[in-house]
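Okay, structure first, notes after.
The values are calculated or read from the model by the stated rules, or taken from the named source; none is laboratory data. From a predicted model like this one, the values you see are computed outputs, not experimental measurements. Positions of Cβ are generated from backbone atoms using ideal geometry, with glycine treated the same way; all protein chains shown enter the neighbour counts. Remember, those area values only see protein heavy atoms, side chains included, never the ligands or the DNA or RNA. Shrake-Rupley method; radii C 1.70, N 1.55, O 1.52, S 1.80 Å.
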Amino acid sequence: MGESEDRFMLCIPIIAKTSEEALIKIRECSPPADIIELRIDSIINADMNRLFNAKRARVCGNTPFIITNRKRDEGGNFRGSERQRVDLLLKAVELGAEYVDIELSTEDALIEELLQTVRSHDNQTRLIVSSHDFSKTPSEARLKARFNECIEAGAGIVKIAAYARSVEDNLKVLSLIPYGRRKEKKIIAFCMGKLGRISRVAAPLLGSYLSFASIERGYESAPGQMTVSEMKEIFRILNEND
């Protein structure tokens, strides 16, 4: 898979307790990952230099990294201060991460600092501004407002995920994809939870920038996430000729 209008990228999140465990999982994920999301909020005392040295040594081939240090109130595990959390993202930019993810709910000044650091490194890192609601799916109007807030915050790519309480909730979130594309903006949008699984299949068909899938059962980074093999089988069936 590669980035194009007709094909979507498959991102595998890595949830590990130590840098050593993360390195082992990086090797396991590439292939089949098009992108690896390194969830450093789950790694105790993440050794960023070691992780990026391994990347430079191509233990994951040329697979790009998304560096995410997720806030606890948005489903993450980082236990330090907000200053410490964002400092690790700043370091990721300095080390050459292809993508960094920061939550829209982060203090404006810290988002701006990260954005300025990206710019000072020739925009080699793409900034994902994200929003996660683990309790419900907001109204379509509120979701669109949130999308626009992400753009205003400096997002190169917008990510919006919400928890589906009904099958209809998928339609609200999926409507963001054509909305974002009409504005010529990159967007990742899907619903979480069992009732949101259908959106994980529909989103790439509508033009979502990428889709998340775990390497295997038990390594999901969010509720309702399917495995790589499940996602590939679904799309194999969908792409079969009649």
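Checking each residue in segment 206-234 for being in contact with a helix residue (DSSP H, G or I) (Cβ under 8 Å, 6 or more places away or on another chain) and part of a helix (DSSP H, G or I) picks out L206, M231, I234.
Filtering segment 162-200 down to residues that are among the β-branched types (V, I, T) and over 16 Å from the mean Cα position of the chain (by Cα), which residue is farthest from S135 (Cα to Cα)?
Filtering segment 162-200 for residues that are among the β-branched types (V, I, T) and over 16 Å from the mean Cα position of the chain (by Cα), the one farthest from S135 (Cα to Cα) comes out as I198.
Listed here are the residues, each with its yes/no results for (1) open to solvent by less than 20 Å² (accessible area, probe 1.4 Å); (2) at pLDDT 95 or above.
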residue	(1), (2)
S19	yes, yes
I24	no, no
L38	yes, yes
C60	yes, no
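Among E220, E216, which is the only one that is open to solvent by 80 Å² or more (accessible area, probe 1.4 Å) and at pLDDT below 95?
Values: E220 fails: open to solvent by 80 Å² or more (accessible area, probe 1.4 Å).
Selected residue: E216, the only one of E220, E216 that is open to solvent by 80 Å² or more (accessible area, probe 1.4 Å) and at pLDDT below 95.
Candidates are the residues of segment 109-161 that are outside any helix (DSSP H, G or I) and among the β-branched types (V, I, T); the one that is nearest to the chain's Cα centre (by Cα) is I128.
Only residues that are touching a strand residue (DSSP E or B) at 6+ places or on another chain (Cβ under 6 Å) and open to solvent by 70 Å² or more (accessible area, probe 1.4 Å) were counted in segment 71-121, giving 0. Applying the condition of being closer than 19 Å to Q225 by Cα and not in a helix (DSSP H, G or I) to segment 162-185 and asking which residue is most open to solvent (accessible area, probe 1.4 Å) yields R165.
Yes/no matrix, rows are residues, columns are (1) in contact with a Phe, Trp or Tyr (Cβ under 8 Å, 6 or more places away or on another chain); (2) under 28 Å from I24 (Cα atoms); (3) at pLDDT 95 or above:
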position: A202; (1), (2), (3): no, no, yes
position: Y209; (1), (2), (3): yes, yes, yes
position: E230; (1), (2), (3): no, yes, no
position: L238; (1), (2), (3): no, no, no
